[in-house]
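Just below is one structure, and these are the notes that go with it.
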Amino acid sequence: MTPFDSIFRSAHFIKSAEKLSQCPVDQGLEVAFAGRSNAGKSTTLNTLTDQKKLARTSKTPGRTQLINCFGLNVEDRRLIDLPGYGFAKVPIAMKVNWQAHMQDYLMNRRSLVGVVLVMDIRHPLKEFDEMMLDWAKTNKMPVHVVLTKADKIKRGPAKSTMLKVKKELKEREVLGSVQTFSGLSGDGVDTLRLKLADWLSFETKEDSDMTTSQ
Ligand SMILES: Nc1nc2c(ncn2[C@@H]2O[C@H](COP(=O)(O)OP(=O)(O)OP(=O)(O)O)[C@@H](O)[C@H]2O)c(=O)[nH]1
Ligand SMILES: [Mg+2]
């Protein structure tokens, strides 16, 4: 449990956008979920918000082809499910088009305060993950790596993958953090909520009492 659980549970669909210009007004703070197709982005969002069907999940890679925007019950705070990258079964022109839109969003969205980079813990740091880390460094964008599907491997290998990814972030001079996660068991959800509460500047009741009494 965290003091912010009810805020995450309040998540609701706002709209799907094909490109940046169709996204909600660019004010406030938002966090985007990025990752290879099938890594588990939508499942992570559903676990985070304690909702089974907020973001669509699928056994078919490449299902999320739009920028899906979700609102929270704190003004102008949003969660964004980005289209997965790296899937094979779509025409190359379509793939290039989606990637261009995604890049435009990542480079030009002013309210974006951090990227949650979701990786399947069994297949971390693939080519596209490396590309995201390069981009994050160039743009000084904080990255929080979620190593998901941790229920599929033992604790020992999970821990060593986490250390490997941490080392990689450090070597690449990326401002970031890493955690393990499971959408199946919910392990790691509190860590993720606390991270996002920090990025999105959520206040606990005690914080706001302090502010009003000062
Ligand atoms: N065991 C297990 N399976 C998971 C977990 N997270 C996701 N999956 C499964 O992995 C598959 C892909 O999950 P999605 O959440 O749809 O992945 P995505 O990254 O949103 O995929 P795209 O939208 O296609 O880019 C689904 O079959 C999920 O049920 C997890 O933590 N544990
Ligand atoms: Mg998805």
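What follows is calculated from the coordinates using simple rules that are stated; it is not laboratory data. Since this is a predicted model, take the numbers as computed values, not measurements.
For ALA17, the amide hydrogen comes within under 5 Å of the amide hydrogens of ILE67, ASN68, CYS69, counting only partners 5 or more places away or on other chains and with H modelled in the peptide plane.
Name the lysines eligible as straight-distance cross-link partners of LYS154: C-alpha to C-alpha under 18 Å, and not fewer than 8 places from it in the same chain. Partners found: LYS164. Amide H to amide H, with H built 1.01 Å from N, SER37 comes under 5 Å of TYR85, GLY86, PHE87, counting only residues 5 or more places away or on other chains.
Of the DSSP H helices in the chain, none is both long (alpha-carbon extent of 20 Å or more along the helix axis) and hydrophobic (Kyte-Doolittle mean at least 1.6). For the chain, averaging the sequence separation of C-alpha pairs within contact (under 8 Å, six or more residues apart) and dividing by the residue count gives a relative contact order of 23 percent.
Of PRO157, PRO83, PRO142, the residue with the greatest mean-square motion in the GNM of the chain, using alpha carbon springs below 10 Å, is PRO157. Which of LYS140/LYS205; LYS41/LYS170; LYS19/LYS140 have a Cα-Cα distance over 27 Å? Violating the 27 Å Cα-Cα cut-off are LYS140/LYS205.
In a fully extended conformation the segment linking MET1 and ASN73 would gain 24.1 nm over its present Cα-Cα distance, using 0.36 nm per residue.
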